[in-house]
Amino acid sequence: MLEKVKGLFGQVDMTQGRPWEKIVVFTVPMLIGNIAQQLYNTVDSIVVGRYEGDNALAAVGSAGPIFNLLLVLFVGISMGAGIMVSQYYGSRDRENLSRTIGSTITLTAIASVLLMIVGTVAIRPALELLDTPESIIGWCTSYLMILLWGIAGLAYYNILCGILRGLGDSLSALVYLLVATVINIVLDVWFVAGLHMGVAGVALATVIAQFVSAVLCVLKLRRMTDFFDLKTKYLKPDGENMKTVIRLGLPSGLTQAIFSMAMVVVQSLTNSFGEMIIAANVIIMRVDGFAMMPNFSFGTAMTTYAGQNVGARQLDRVKQGARQGTLIAVGTSAVITGLILLFGPYLMSIFTNTRELALLSADMMKILAVGYIAMAVTQSLSGVMRGAGDTVTPMWISLLTTVGIRVPLVYGLVYLTRTPQLPQGRYESLWISLLCAWVLGAVATAIFYKLGRWKKKAL
């Protein structure tokens, strides 16, 4: 029994054994970790919503799209490094694996400094440009500034966890994240309920917790000398290696940038409906974060699975795992969809004492529910393509569905539903447009996976 438990939460070599079993074994601890990570923002929302009111809850939510836009550099670095690490690990290339990890650590430091400088100058003007209500703009600004000052901890945690997963180690990321989550929850309650620091308190708690998890990741990597060397010479900037990380990661970074910019544009439209709809959107996105976790987890698992097997030159095994992993992801999302439909009002009431707000959020969540099944297909097959080195195709699909479909559709629906009684249009358009984008994205991803261009993209 002990060996089985150790196998479930140990380092996974995905080039051997039954594909579906390896994918599930790798995904389980990562899913637990992703759920714990989602608790960061969720606990922030619950604490400020309960102790500071619905406007404070709206402030935390309004800050989210802008902060995500600022993180696109790290999304790109993490994806590029994760692909290279998984392929070099699969081919047992110790030298290139060491260079990749060292270059990624250096590149992250450079990106952190740049982001702190740019973000500090841009935050307040960006919030004003989005017509953020005057009642919450001060809270939004302080929340974002504190997160930016601690950006290095958040960046290093996420990127180093990506490296660990590329090495097949999803346990360490889970353990460190659980430790950080406990710290974050305790500090949230202390800073907000005890010290009455408000929105700034939840931001500070998140920064401290992320720094703890980043330090734990560094200590773990220093002990993994069986697979690579973390010496000073590998931390020196390696132009060729950095270029490859950026080349592979840039499409994913651009995808995140496109998605975040679209969210910022939609956030401006959301703001026009007033504080109640802003707060409802925050609650929906928090529950959405948990509902989407299995999809993201399977997507990351498929990236590592494909990367290791492409590195080991086992293409038939990649396709076999893609089928099995996608079916498991779809089944998981179907169960989650059913739970959302059954328990929606109860989930929403966790975030607010206002019954009207909870019921409104639950009704809007029903619109999105079926879309999670479509996203299971998108994330799983996109993960396979990225793991093989084709990060461009998922980028174009995201560009098409987010910018080409979601944004025009939401503005078109709002315009067409305007009446004298509803001069701003119907707020349901915000979520109907998102559902349409998800479904069309799944169809496009399945088509491009079948076309098979991703097979030619390995390093």
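The values are calculated or read from the model by the stated rules, or taken from the named source; none is laboratory data. Keep in mind that what you see is a predicted model, and the values were worked out from it rather than measured. We place every Cβ from the backbone using ideal geometry, glycine too, and count neighbours over all the protein chains shown. Surface areas here come from the heavy atoms of the whole protein model, side chains and all, with no ligands, DNA or RNA. Shrake-Rupley method; radii C 1.70, N 1.55, O 1.52, S 1.80 Å.
Take every pair of alpha-carbon atoms less than 8 Å apart whose residues are at least six positions apart; their mean separation over the length of the chain yields a relative contact order of 23 percent. Taking the C-alpha atoms only, the angle from helix 315-348 to the longest principal axis of the chain is near 20 degrees. Pairs of Cα atoms in region 301-459 fall into 10 Å distance bins, from 0 up to the last occupied one, in shares of 11, 30, 29, 19, 9, 2, 0 percent.
How about region 389-459: which trypsin sites (Lys or Arg not before Pro) there lie in a loop by DSSP and see at most 15 other Cβ atoms within 10 Å? Here the trypsin sites (Lys or Arg not before Pro) that fit, given the DSSP loop and packing criteria, are R418, R426. Scanning residues 5 or more positions from G425 or on other chains, those with amide H under 5 Å from its amide H are T419, with H placed 1.01 Å from N in the peptide plane.
Projected over all directions and averaged, the alpha-carbon convex hull of the chain occupies 20.9 nm². Counting Cα-Cα pairs of region 282-369 in 5 Å increments starting at 0 gives whole-percent bin shares of 3, 14, 21, 16, 12, 10, 9, 7, 5, 3, 1, 0. Here the gap between R418 and K456, fully extended at 0.36 nm per residue and compared with their Cα-Cα distance, gives a gain of 8.8 nm. Stretching T106 away from E356 to a fully extended chain increases their span by 85.1 nm, per 0.36 nm per residue minus the current alpha-carbon distance.
Solvent exposure of the chain, expressed per residue, is 41 Å² of accessible area, with all protein chains present and a 1.4 angstrom probe. Between helix 94-129 and the chain there is an angle of about 10 degrees, using the helix long axis and the longest principal axis of the Cα atoms.
The trypsin sites (Lys or Arg not before Pro) of region 80-109 that meet both conditions, a loop assignment by DSSP and at most 11 other Cβ atoms within 10 Å of the site Cβ, are R92.
Annotation: C436 carries an accessible surface of approximately 50 Å², with a 1.4 Å probe and no ligand, DNA or RNA atoms counted. Within the accessible surface of region 116-275, defined with a 1.4 Å probe on protein heavy atoms only, the carbon and sulfur portion equals 70 percent. Which value at 222 nm does the chain reach when only helices count, each DSSP H run of 4 or more adding -39,500 (n - 2.57), with the total divided by all residues and rounded to the nearest 500 deg cm²/dmol? Value at 222 nm, helices only: -27500 deg cm²/dmol. Rounded to the nearest 20 debye, the dipole magnitude of the chain is 1680 debye, with +1 charges on Lys and Arg beta carbons, -1 on Asp and Glu beta carbons, and the Cα centre as origin.
Share of carbon and sulfur in the accessible area of region 369-444 stands at 74%, probe radius 1.4 Å. Counting only protein chain heavy atoms and rolling a 1.4 Å probe, the accessible areas of V75, V47 rank, largest first, as V75, V47.
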